[in-house]
């Protein structure tokens, strides 16, 4: 944990929430929103923690050597380190939740969908440069030797495992659909943003649920 940057609101309270962020470009678009949710949870008496995944943002580790399993292990270690009573996975972050803790998946997405978004972004960029690429060829290349997608250098092992990754089944983890928050998902915006009403709604769902 010493190598990862953590946004934290820690008052050593009973209720302690570990948040697993959205992945890749969605993480950038939703960082401000996630921080606003954490501030509201703090006001509601809930401690919360948002660590960077190994190889992402301020982490000193190399992204290329990560796999979904190293990320899951890091999340599990963070849950222990922060003594989390509950967990919240945002979008692709829901793929990494430890199943032994209760919590929520907000607008979860599977690994194949995340990869498709990254591949489409690369194909569009290549097309603007006059280069023709296809999802099938890029995926095959990625599984064999790794691939750079949207500025993220992903190893072959990561891509091979991630394409079939789905949220783990857990009776103690509930799904929060976007329609419960109102408005469109912030991950769909071209630039990072926030929405006070949506932050209010998500924080309220979690705060009420965590204390029930």
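Nothing in this text is a laboratory measurement; each read-out follows from the coordinates by a stated rule. Please read all numbers here as calculations on a predicted model, not as lab measurements. Virtual Cβ from ideal backbone geometry, glycine too; neighbours counted across all protein chains shown.
Table for the structure above
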item	result
Exposure proxy ranking, count of Cβ atoms within 10 Å, fewest first, for 90, 208	208, 90
Separation between Cα centres of region 58-104 and region 128-200, rounded to whole Å	16 Å
Residues 52, 200 arranged by fewest to most Cβ contacts within 10 Å	200, 52
Sites residue 44 and residue 148 - FRET efficiency at Förster radius 45 Å, r taken between beta-carbons, to 0.05	0.65
For region 24-64: rounded, prolate or oblate by the Cα gyration tensor [a/c cutoff 1.5]	oblate
Computed over the chain: relative contact order in percent, which uses C-alpha pairs under 8 Å that are six or more apart	26 percent
Highest-MSF residue in the chain out of 193, 103, 89 [GNM, Cα springs under 10 Å]	193
Kirkwood Rh in Å, taken over region 111-164 so that all alpha-carbon pairs contribute	11.0 Å
Among 76, 156, 168: highest mean-square fluctuation, GNM of the chain, C-alpha pairs under 10 Å	168
Chain lengthening between residue 60 and residue 129 when straightened (0.36 nm per residue, less Cα-Cα)	21.7 nm
Zone of residue 200's modelled label, taken as backbone nitrogen in region 19-36 under 13 Å from a point 7 Å along Cα→Cβ	none
Choice from 199, 132, 44 with maximal GNM fluctuation in the chain (Cα, 10 Å cutoff)	132
Antiparallel content of DSSP bridges confined to the chain, in %, to 5	30 percent
Label corresponding to semi-axes √(5λ) of the Cα gyration tensor in Å when calculated from the structure given, among (1) 30, 19, 15; (2) 24, 21, 15; (3) 41, 18, 15	(1)
